[in-house]
Amino acid sequence: MSPVNQQFFSQPRLNLIPFTIPLSCFLQAGTVSILMLIIAQKATSDALVSLGEASEELFRGDRLPVLSFPDDHELNQD
């Protein structure tokens, strides 16, 4: 057996009946899934922050219509 094949077969594996899976595959899959979760968490956090800022702008009152209140002297005349 060549040294490359010998090294490949000497790695720890998960032995299932029809095939074997190298543990490095599980490590790679776990690493990718954790990185994807971190990226999704960052995107969700940014989206929630921008949603909060947009709601603050909505309730600040800059875009609300100006209401015309009657003056004090108009109320006293009635």
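The values are calculated or read from the model by the stated rules, or taken from the named source; none is laboratory data. Here the structure is a predicted model, which means the values were calculated and not measured. Please note: Cβ atoms are built from the backbone with ideal geometry, for glycine as well, and neighbour counts cover all protein chains shown.
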| message | Given the criteria assigned to a loop (DSSP other than H, G, I, E, B), modelled with pLDDT of 70 or more and either surrounded by 10 or more Cβ atoms within 10 Å (Cβ to Cβ) or not small (G, A, S) (or both), does V66 qualify? | response | yes
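Would it be correct to say that L23 is in contact with a strand residue (DSSP E or B) (Cβ under 7 Å, 6 or more places away or on another chain) and either modelled with pLDDT of 80 or more or exposed (fewer than 10 other Cβ atoms within 10 Å of the Cβ) (or both)?
Yes.
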